[in-house]
Each structure stands twice: as structure tokens, then as C-alpha cells.
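Okay, so here's the structure we're looking at.
The values are calculated or read from the model by the stated rules, or taken from the named source; none is laboratory data. Please read all numbers here as calculations on a predicted model, not as lab measurements. Every residue, glycine as well, gets a Cβ built from its backbone with ideal geometry; the counts of neighbours run over all protein chains shown. These accessible areas exclude ligands, DNA and RNA; they are computed on the full protein's heavy atoms, side chains included. Shrake-Rupley method; radii C 1.70, N 1.55, O 1.52, S 1.80 Å.
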Amino acid sequence: DNDMKIYEYLGVALAMIAYPLIVTGNVMIGATLGIISSSLLILYFGQNKSFPSVGLQIYFVFANMYGLYNLGI
């Protein structure tokens, strides 16, 4: 479980960077970091069998993909 902690730390750190990027208009970079962040957190929460948290992160992956889709990417 301690090996998986790095996924949690990186996922949270990237989410903290992604959010301000998105709200300041850097949607492409922010959404891409958001997808990476949520993917790392899916791995972490999946390993810990926290399935509600996995579901929430899947939602965020799709929300970020929708943002990228609206940019035409």
C-alpha cells in the first residue's frame, strides 16, 4: 500500500495544478493534467478498493475529456 501512495500524492498534486489552469483559460493543458491526475487516483483508489472514489475519478476523466472535445481536440 505504501508503494501506491505515490499515485495518490501525484494525483492530488496534478489536480491542484490542473484546476487553476482550467479556470484561467488554459483548458487544454489543465484538462490533460486532470485526466492524468484522475488516472493516477483511479489506480490508487482501485488498489484500496474504494470504489465510490474510483467512480468519482472516472467522472472527472470524462469531464476533462468533454472539455477537450469542446476545444475541438
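Overall, the accessible surface of the chain at a probe of 1.4 angstrom is composed of carbon and sulfur to the extent of 70 percent.
For the chain, report the convex hull volume of the alpha-carbon atoms normalised per residue, in Å³, without decimals. Before the final figure, lay out the partial values.
On the way: hull volume 4.8 nm³, N = 73.
Convex hull volume per residue, Cα atoms: 65 Å³.
I need the helices of the chain that pass two filters: whole DSSP H segments spanning 20 Å or more by Cα along the axis, and mean Kyte-Doolittle score no lower than 1.0. Numbers along the way, then the final one.
Working: long enough: 5-23 (28 Å, 1.44); 27-47 (29 Å, 1.66); 51-71 (30 Å, 0.90).
Long hydrophobic helices here: 5-23, 27-47.
In this structure, THR24 and MET65 have a Cβ-Cβ separation that, at R0 = 22 Å, corresponds to a calculated FRET efficiency of about 0.65.
In whole percent, what relative contact order does region 1-69 give with Cα contacts below 8 Å and a gap of six or more residues? Before the final figure, lay out each step's value.
Numbers: 83 pairs, mean separation 23.4, N = 69.
Once divided by the residue count of region 1-69, the mean separation gives 34 percent.
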